[in-house]
Each structure stands twice: as C-alpha cells, then as structure tokens.
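So the structure is just underneath, and the comments pick up after that.
The values are calculated or read from the model by the stated rules, or taken from the named source; none is laboratory data. Keep in mind it's a predicted model, so treat the numbers as computed, not measured. A quick note on method: Cβ atoms are made from the backbone with ideal geometry, for glycine too, and the neighbour counts reach across all protein chains shown. Ligands, DNA and RNA are excluded from the accessible area calculation, which covers all protein heavy atoms including side chains. Shrake-Rupley method; radii C 1.70, N 1.55, O 1.52, S 1.80 Å.
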Amino acid sequence: MQGFSNVQPRNQSIDLIKIMAMCLVICLHTTHQYLTSGINDIIFVLYNTSAIAIPLFFMVSGFLLIGRNSASYRYSFIKIFKTLKFVLLMVVIWWICQSLHNGWSIEILIYNFFGAFIQHGSFWMYWYFGAMMIIYLLYPLINKLYLDKKYYLITLLLISCIQNIAFIWNVTGVGESMIIQTFRIWNWIFYFMIGGLLKTIGIEKRIANCIILVSFIANIVVIDWLSPYMATSFCEYFYSSPVL
C-alpha cells in the first residue's frame, strides 16, 4: 500500500477536455456537408464552434508533456513507435475486412498506412498523428526552451507571427491549401506550446471559462465575416487565425 502514496491524482479536467474535443471532432466531420444545403444557422454555429477541437488536442498534449523530466529523444522515439503501431493496427483491421469482400491487395494496405499520415487514403483523418510525430521529434528541444521562459515566449511570438502571415495568405490567396495539414507545423507547435504555457500560468476556472466563451463567439464572428472572401467553407484555414 505504501507505493500508492506516490501516485499522482488523475486530472479529471483534462479528461473532460479530451472527451469534449472528441465530440467536437465528430461534429466537425458530420456537419460540414450540410453547410451549403441551407438547412439553418444552427449547422453553421455547430461546425465553426467545433473548429476548436484540433487546437484543443494539441494544447492538451502540450499541457501533459511539456515540463516533464522524461523529455528525451528516446522517449520521443517510443511515442512515435507507439503511434505507428496504433495506426498500423487500425489500417490492418480495415484492410482485412475490405479484402475479404473485394480481394487482397498489399498495395492498398501500404498506400493507406503511409497515406494516413499525409491526409491520403481511407484514413486521411489520421494526419493528426503525422503532425504529432513531427512534434515528438521536436519535443526535447521545446522542453528545453520551456526551462527558460523568456526564450519560450519569444519562440511563441515568432511562431505567432508566422501564423498571422499564413492567415493573411489564406484570406488573400491560395494560402495553406497548398500545404497538407500534417505539415502546417507552425499551427500545431504553437498550440502545443500554448498548452505548456497554460500549465505555467495556472488560470482560475472562472477566468478560463470566460476566455473559452469569448473565443468561441469571436471565432464564429470572424469565420462568418471572412469566409466569403476566402472562397472556402473549411474551418481548417482558420487554425492560423489569432482569434482561434
């Protein structure tokens, strides 16, 4: 029983955020097809409110990982290996089920496994894992920056400037549509590092709730205002927005 005294209590708030983010991702992928069907404004609000889901996942990862003593390249490679193993398992299960009906093709298995990380194939939505593997490679360096808050904040500001440039590019031209989501790494590193910053600041729940509410409302207003100029209804081009 003595060993249990060193066990850290589970942060249920983080678990709640993860569950909320998962629900928002489902909403994100199921409501977009109805945006142009003229059903009602509720669909618009649901879709654009759900846009926060992807940043939330990266922020939660940053909150949990940044500041750990185990931030080594060995740890990073273990996390990458586990990610590859999970994606391979999912793709193989899907491939077997498909092959029993359509015939066996090793090319389809290879394409869907590697394509998953670069937003191709039947598992295109697994691009998130590709982005996380890049972050895992940078994790020891990010964690080292975290030890000196001045350089950490400077890095965040520089990445924020890159985001603003990318967002202006989205509004005025083809923008990030030329780049697969996996490699829009300035967005994902920014949210990952924000997660670590929130751990340092320790904002009160009441203030945090107000910030979240204002962010939701501001995000919907900005998307509604700028979408007509961007010739796209996909919220992914607002991830570099300073509001989101």
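Values as computed for the structure displayed
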{"item": "Number of positions in the stretch 135-154 that are under 30 Å from Y111 (Cα atoms) and either open to solvent by 50 Å² or more (accessible area, probe 1.4 Å) or modelled with pLDDT under 95 (or both)", "result": "2"}
{"item": "Residue in the stretch 151-197 that is nearest to F129 (Cα to Cα), counting only those that are within 12 Å of the chain's Cα centre (by Cα) and hydroxyl-bearing (S, T, Y)", "result": "T182"}
{"item": "Within the stretch 155-180, tally of residues that are within 26 Å of F63 (Cβ to Cβ), of a type in the set (V, I, T) and open to solvent by 80 Å² or more (accessible area, probe 1.4 Å)", "result": "1"}
{"item": "L109, sole failed condition from (1) part of a helix (DSSP H, G or I); (2) within 23 Å of M59 (Cα to Cα); (3) open to solvent by less than 60 Å² (accessible area, probe 1.4 Å)", "result": "(2)"}
{"item": "Residues located in the stretch 42-78, provided they are more than 21 Å from L198 (Cα to Cα) and without any contact (Cβ under 8 Å) to a residue 60 or more places away in the chain", "result": "I42, I43, L46, R74, F77, I78"}
{"item": "Filter result for the condition that a residue is over 21 Å from F190 (Cα atoms) and either at pLDDT below 95 or of a type in the set (F, W, Y) (or both), over I43, I93", "result": "I43"}
{"item": "Yes/no for M132 being aliphatic (A, V, I, L, M) and either at pLDDT 95 or above or open to solvent by less than 30 Å² (accessible area, probe 1.4 Å) (or both)", "result": "yes"}
